[in-house]
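To keep things clear, I will list the structure first and then write my remarks on it.
The values are calculated or read from the model by the stated rules, or taken from the named source; none is laboratory data. Owing to the predicted nature of the structure, the values given are computational and were not obtained by experimental measurement. Cβ placement follows ideal geometry from the backbone for every residue including glycine, while neighbour counts extend to all protein chains displayed.
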Amino acid sequence: MLWFFWVLIALFIIYILDLVLVLILENRDPYKTIAWVLVLIFLPIIGLIIYLLVGESIKKKYYSWKFGKKRYQKIVQEIVDAQKESIKHDTLSKDIKDKRHTMYLALHSTNFPFSTNNKVKILNNGDEFYPELFKDLENAKDTIHMEYYIFRNDALGKKVMDLLIKKASEGVKVRILIDGMGSATFPQKVMNSLKEKNVIIEEFIPVFYSIFRSKINHRNHRKICVIDGQIGYIGGINIGQEYLDGGKFNFWRDMQLRISGSAVYSLQSIFIRDWGFATKNDIYDPLLYPKINIVGDSSLHISPSGPDNRWANLKLIIFSTITTSENKLWIETPYFVPDDALLMALKSTALKGVDVRLILPDKNDAVFPSYASKTFYMELLDAGVKIYEYQKGFIHTKLLISDNLSSIGSTNLDSRSLNLDFEASAFIFDYKVTDELSKVFLKDLLDCRAVTKKDLYSTSKFTRFKQSLARLLTPII
């Protein structure tokens, strides 16, 4: 039987070599290709398992889900095309004109229109967000669509579910979409109980399904809610008690936007598409897009991104936002692991004299990105970027401010958000809202400690080794 063992070894080696050849022929990012090749050669068994789980390249068309009627898609395309022409001819408000190239890019890459009749309310932390959400849910008349990466079965989650059950009993159509990884601990018996009470809840790519279909690495990281097609929420806050009491951090810093206006149509479209992909059930109905009267004067673009898009939409839009900054670029993000392009954009923006500031966590809920992020500090400080670490608790906010443009959403500045996950962010072309968010940023700055080169020099060699190792592995995680 010894010959059989050696045959198996030979077949395994052939398979690994064939996999290496496939990786090279895929023409991926060279750093990622080299990282995978090294792991597969020197740690073949472990490397193969990891690759089958998270490394296989999934064609974007696999995720494509064309929802609804062709007539609706045609109308949206006509709106987008008209807006692109409008931008070319400069028939714009000053808020948009200053960032017209970024707006054009957002329109062209996403095929989602922007709208100018929105009212935006900034909600800081769970204690501002949840009361507002509960009030809107209580007033729902027709539909409630909720899509969250994390939906916990804890005190806060049960309070939300009790209200949703109540609304379903009143005849409101309630649909909840939770991510199969982020909400993996959500009990099946609770899901069954909700369905029995007419609350429709579904998983986006369940973990078991993901493992055997090589999609475990593509998660739905969005946090959106649409009520009656009239009110929408977007930001970084999930449904969980830690967003109120801070969990192990004692304080959890985060933000959410409440939007009323035509931008809600885009949030509705994102939900319908995601629901269609997850359930293979097309719920498109013109009634989900009720007429919205003018409610405000903020110009918004809701930008989705994910493996179902031809372009890495949010990566392109964020890159453009960074490089077109003229006066200030202020960013808050919990996970900061930029690729070479974003790193160069940040450094070049600082080197041309723009006020570039980053607020990052001091304490993090994810060790790996926390270690990796610190390896970028020295070169950023050398370029003139100011780095601050948040001391009050854990900062989970995803905020970007560039001159008169600002953005809130689910998107982090790391490879997972920008290349792998399904994300959504709101880009706000309104100097008044951006000024308000700038004040929020400066208030957060009071709870931060500035990082200096002296701090970095005093870091032990062992810690620097762990940080460098974490950064080395970022291309394959």
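Applying the criterion of being surrounded by 24 or more Cβ atoms within 10 Å (Cβ to Cβ) and of a type outside the set (S, T, N, Q) to the residues of the range 305-329, the residue that is nearest to ARG100 (Cα to Cα) is ILE317. When LEU437 is tested against (1) under 18 Å from LEU360 (Cα atoms); (2) in contact with a Pro (Cβ under 8 Å, 6 or more places away or on another chain), just one condition goes unmet, and that condition is (2). Residues that are crowded, with 21+ Cβ neighbours inside 10 Å and either at pLDDT 95 or above or among the small types (Gly, Ala, Ser) (or both) were ranked within the range 358-370; the one that is nearest to VAL440 (Cα to Cα) is ILE359. Is the range 412-422 home to any residue that is more than 22 Å from the chain's Cα centre (by Cα), crowded, with 21+ Cβ neighbours inside 10 Å, not assigned by TED's automatic domain parsing to the domain that holds GLU242 and not in a strand (DSSP E or B)? Scanning the range 412-422, I find no residue that is more than 22 Å from the chain's Cα centre (by Cα), crowded, with 21+ Cβ neighbours inside 10 Å, not assigned by TED's automatic domain parsing to the domain that holds GLU242 and not in a strand (DSSP E or B), so the answer is no.
Residue-level check: of (1) touching a Leu at 6+ places or on another chain (Cβ under 8 Å); (2) assigned to a helix (DSSP H, G or I); (3) not hydrophobic (A, V, I, L, M, F, W, C), SER269 misses just (1). Filter the range 230-256 down to the residues that are crowded, with 20+ Cβ neighbours inside 10 Å and part of a helix (DSSP H, G or I), then identify the one that is nearest to the chain's Cα centre (by Cα). Among residues in the range 230-256 that are crowded, with 20+ Cβ neighbours inside 10 Å and part of a helix (DSSP H, G or I), the one nearest to the chain's Cα centre (by Cα) is TYR243. For the range 427-456, residues that are assigned to a loop (DSSP other than H, G, I, E, B) and either of a type in the set (Val, Ile, Thr) or under 13 Å from TRP330 (Cα atoms) (or both) total 2.
Looking across GLY232, GLY296, one residue alone is of a type outside the set (D, E, K, R) and under 30 Å from GLY393 (Cα atoms). It is GLY232.
Okay, residues lined up against (1) assigned to a strand (DSSP E or B); (2) touching a residue at least 60 places away in the same chain (Cβ under 8 Å):
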{"position": "LEU105", "(1), (2)": "no, yes"}
{"position": "LYS119", "(1), (2)": "yes, yes"}
{"position": "ASP127", "(1), (2)": "no, yes"}
{"position": "PRO131", "(1), (2)": "no, no"}
